[in-house]
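The values are calculated or read from the model by the stated rules, or taken from the named source; none is laboratory data. The shown structure was predicted, so the numbers you read here are calculated from the model rather than taken from an experiment. Cβ sites come from the backbone with ideal geometry, for glycine too, and all protein chains shown count toward neighbours. Calculation scope for accessible area: heavy atoms of the full protein, side chains included, ligands and nucleic acids excluded. Shrake-Rupley method; radii C 1.70, N 1.55, O 1.52, S 1.80 Å.
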Amino acid sequence: MTHWFHRNPLKATAPVSFNLYGVASSPAANKICNDLRTTRARLLDMFTDTTCTPEIMKKSSDEYFALLQGFILPLDGTTQENKLRFIQNFRWTDTLQGNIASAQQDAVFELVSVAFNVAIWYTKFASRLETHIPRLITPAEKGRDLEPRVIDTYLVQSQAEAQEVTIARAIELKHNASIIAALSFETANFYQKADHTLNTLDPECSSKWKKYLQLKQHFYMAYAHCYHGQTLLAGDKCGEAIRSLQEAEKFYSRAEALCKEYRQMKGPGSTAKPSEQLFFKKLGTFIKNTLEKCQRENSFIYFHKVPAEAPALELKASYGLAEPSSFELPPLSAQCTPEVYASFDLTKGPKEDKAKAKHDEEIKPVKEPDLKPQKDTGCVVS
């Protein structure tokens with residue numbers, strides 16, 4: 001089994017019963033609590049269901065978010081905080097911190113935690129979380145999933161990986177070398193930015209992730225120099241083309257070394273094996289063959305001097321760049337009416353849940369399915 005992308009583990013969570021006996025003083029209020037429990041459980045199941053599609057994930061998450069907003073949005077015609085926001089305790093692990101959970105008695109914490117998991121599932125939708133995080137009463141601790149550095153890294157990595165698909169497609173369709181070089185350069189810069197964002201994070205939890213980002217940066221820098229060399233050769237700049245391809249060899253060799261270092265590192269997340277992928281191997285062969293071709297042509301035709309410095313990559317992709325997709329929460333559930341909201345009586349207080357776990361207890365990690373790739377064509381990167 002080989003993998004192209006590094007993936008940190010999904011967040012795990014403790015069960016939530018939503019047993020607000022006494023507080024939920026009407027049949028409609030009790031139904032909302034029951035539906036919250038069942039829609040949450042169903043959504044959690046979808047994270048590890050191999051048959052789940054984006055359409056099913058959207059439906060499941062929308063159903064839960066629509067109900068959960070009844071504990072967040074003001075429903076009494078005022079601008080005051082929803083009286084139900086702080087009634088239920090929620091516990092979630094963090095993708096970089098092992099199985100010890102963070103706990104907050106706050107429905108907004110539940111909203112952003114669930115949305116974070118859905119964002120990982122979708123990958124490209126990671127940017128949607130940032131509008132709700134400032135509403136948290138308890139700020140995110142350093143290294144936790146909702147901390148800005150972690151959120152920003154996930155976002156930039158998602159953009160880089162989305163562009164990888166564009167690059168693979170451009171290669172498969174034999175697009176102009178200058179386009180592929182520019183896209184590769186932009187993608188390498190994304191990976192470098194993501195790596196630098198983690199610089200001040202605790203190495204114990206971030207080193208493996210950083211190593212993955214570094215190997216991907218070097219891999220796409222190799223691509224950029226390789227295809228830039230082709231562009232230079234097409235413009236009869238054979239000496240510069242040779243130097244650019246030599247630079248590609250250096251970046252590719254460093255990417256190979258980083259792959260070995262990455263696989264030996266311990267830390268959160270799956271261990272990808274990029275160097276075993278045909279997409280990775282083909283680049284090394286392509287660089288070697290193209291460099292030999294340039295050297296032959298330079299010996300017989302051009303007789304250009306090979307410069308000491310590699311040609312600068314002043315490349316800017318004009319199209320094909322990935323942008324995060326916009327996302328909006330679903331409308332408030334029709335069940336959450338002002339009348340039902342009024343029937344929640346906080347003066348009575350919910351009964352203690354006998355199954356309530358201690359805050360310092362570990363939560364079992366999510367057992368994620370091991371999906372085997374169907375085919376490796378050399379251009380399919382996921």
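Every residue, every condition in (1) touching a helix residue (DSSP H, G or I) at 6+ places or on another chain (Cβ under 9 Å); (2) among the hydrophobic types (A, V, I, L, M, F, W, C); (3) not assigned by the TED database to the domain that holds HIS175, yes or no:
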position	(1), (2), (3)
TYR227	yes, no, no
THR231	yes, no, no
GLY239	yes, no, no
GLU247	yes, no, no
CYS259	yes, yes, no
PRO268	yes, no, no
LYS281	yes, no, no
ASN289	no, no, no
ALA308	yes, yes, yes
Filter segment 163-191 for residues that are open to solvent by 40 Å² or more (accessible area, probe 1.4 Å) and within 22 Å of TYR122 (Cα to Cα); the one that is modelled with the lowest pLDDT is VAL165
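Here's the yes/no breakdown for (1) more than 24 Å from HIS6 (Cβ to Cβ); (2) open to solvent by less than 30 Å² (accessible area, probe 1.4 Å):
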{"position": "TYR223", "(1), (2)": "no, yes"}
{"position": "THR231", "(1), (2)": "yes, no"}
{"position": "ARG243", "(1), (2)": "yes, yes"}
{"position": "CYS259", "(1), (2)": "no, yes"}
{"position": "LYS266", "(1), (2)": "no, no"}
{"position": "ALA272", "(1), (2)": "no, yes"}
{"position": "LEU283", "(1), (2)": "no, yes"}
{"position": "LYS288", "(1), (2)": "yes, no"}
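Taking segment 208-223, which residues are more than 11 Å from ARG254 (Cα to Cα) and either of a type in the set (A, V, I, L, M) or in contact with a strand residue (DSSP E or B) (Cβ under 6 Å, 6 or more places away or on another chain) (or both)?
Taking segment 208-223 and keeping what is more than 11 Å from ARG254 (Cα to Cα), we get 208-213, 220, 223.
Correct list: LEU213 only.
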Filter segment 69-105 for residues that are out of contact with any helix residue (DSSP H, G or I) (no Cβ under 7 Å at 6 or more places or on another chain) and acidic (Asp, Glu); the one that is farthest from SER270 (Cα to Cα) is GLU81
Of the residues in segment 14-48 that are surrounded by 20 or more Cβ atoms within 10 Å (Cβ to Cβ) and of a type in the set (Val, Ile, Thr), the one that is nearest to GLN69 (Cα to Cα) is ILE32
Restricting segment 192-216 to residues that are of a type in the set (A, V, I, L, M, F, W, C) and surrounded by 23 or more Cβ atoms within 10 Å (Cβ to Cβ), the one nearest to PRO268 (Cα to Cα) turns out to be TRP209
Residues of segment 175-226 being within 18 Å of ASN8 (Cα to Cα), in a loop (DSSP other than H, G, I, E, B) and of a type outside the set (S, T, N, Q), in sequence order, are LEU198, LEU201, ASP202
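Based on what the data block shows, is THR93 more than 24 Å from ILE151 (Cα to Cα) and either surrounded by 14 or more Cβ atoms within 10 Å (Cβ to Cβ) or within 27 Å of the chain's Cα centre (by Cα) (or both)? Quick ask: steps written out before the conclusion?
Details: more than 24 Å from ILE151 (Cα to Cα): no; either surrounded by 14 or more Cβ atoms within 10 Å (Cβ to Cβ) or within 27 Å of the chain's Cα centre (by Cα) (or both): yes.
Against the criterion (more than 24 Å from ILE151 (Cα to Cα) and either surrounded by 14 or more Cβ atoms within 10 Å (Cβ to Cβ) or within 27 Å of the chain's Cα centre (by Cα) (or both)), THR93 does not qualify.
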Q. Can you find a residue in segment 61-82 that is free of Cβ contacts under 8 Å to residues at least 60 places away in the same chain and closer than 28 Å to ASN199 by Cβ?
A. no
